[in-house]
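S.K.: Just passing along the structure, written as structure tokens.
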């Protein structure tokens, strides 16, 4: 599938000063970690995509909170180190629902080897898919959020505007 800009989402889950990460062992890159994350599918909202990715990658149900980060990978500015697909990733502050217990799914992503709670203090010592360990550590302290405005949740506003041009 070809993308102008691929949209990905992720679940940022921090509790008891630990963060939930998925572990991968890639033949080219070695062991690295990521948040439960992936691409939004056609006809799927960002919130629906976060919930699906959390289930698929960590076998958990999450309550999706506000937007924590927006991360952009622009291949032409990064010597194509992660491929040629321009990607915009939105990471949401999430909490576990229904006493979900994270575990490796029955059908994990290729090369996914584990789901782990890792102390936030150790993030900068890990190889993360995106090198945002420092930013996550700061976020865990400050919890600055960004609102996601979803059109269907906004009040309906029916009006007509007349525009006049004066030249």
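The values are calculated or read from the model by the stated rules, or taken from the named source; none is laboratory data. Please read these numbers as outputs of a predicted model, since none were measured by experiment. In this analysis, Cβ positions are derived from the backbone assuming ideal geometry, glycine residues included, and neighbour counts consider all displayed protein chains.
S.K.: Just for the stretch 49-88: of the residues that are under 16 Å from residue 145 (Cβ atoms) and either outside any strand (DSSP E or B) or out of contact with any helix residue (DSSP H, G or I) (no Cβ under 7 Å at 6 or more places or on another chain) (or both), which one is modelled with the lowest pLDDT?
M.R.: In this case the residue turns out to be 71.
S.K.: Kindly list, by first and then second residue, each pair from a residue in the stretch 106-118 that is touching a residue at least 12 places away in the same chain (Cβ under 8 Å) to a residue that is assigned to a strand (DSSP E or B) and surrounded by fewer than 16 Cβ atoms within 10 Å (Cβ to Cβ), limited to pairs with Cβ atoms under 8 Å and residues at least 6 apart or on different chains.
M.R.: 111/25; 111/26; 113/25; 113/31
S.K.: Tally the residues that are surrounded by 14 or more Cβ atoms within 10 Å (Cβ to Cβ), assigned to a loop (DSSP other than H, G, I, E, B) and within 16 Å of the chain's Cα centre (by Cα), restricting the search to the stretch 110-134.
M.R.: The total comes to 3.
S.K.: Just to be sure, is residue 97 free of Cβ contacts under 8 Å to residues at least 40 places away in the same chain and in contact with a strand residue (DSSP E or B) (Cβ under 8 Å, 6 or more places away or on another chain)?
M.R.: Answer is yes for this residue.
S.K.: Just to verify a result, which residue in the stretch 40-59, among those that are within 16 Å of residue 112 (Cα to Cα) and in contact with a strand residue (DSSP E or B) (Cβ under 6 Å, 6 or more places away or on another chain), is surrounded by the most Cβ atoms within 10 Å (Cβ to Cβ)?
M.R.: Step by step, filter the stretch 40-59, then rank; the result is 54.
S.K.: Let me ask something else. Across the stretch 89-102, what is the number of residues that are assigned to a loop (DSSP other than H, G, I, E, B) and either within 19 Å of residue 6 (Cα to Cα) or under 18 Å from the mean Cα position of the chain (by Cα) (or both)?
M.R.: Looking only at that region, the number is 2.
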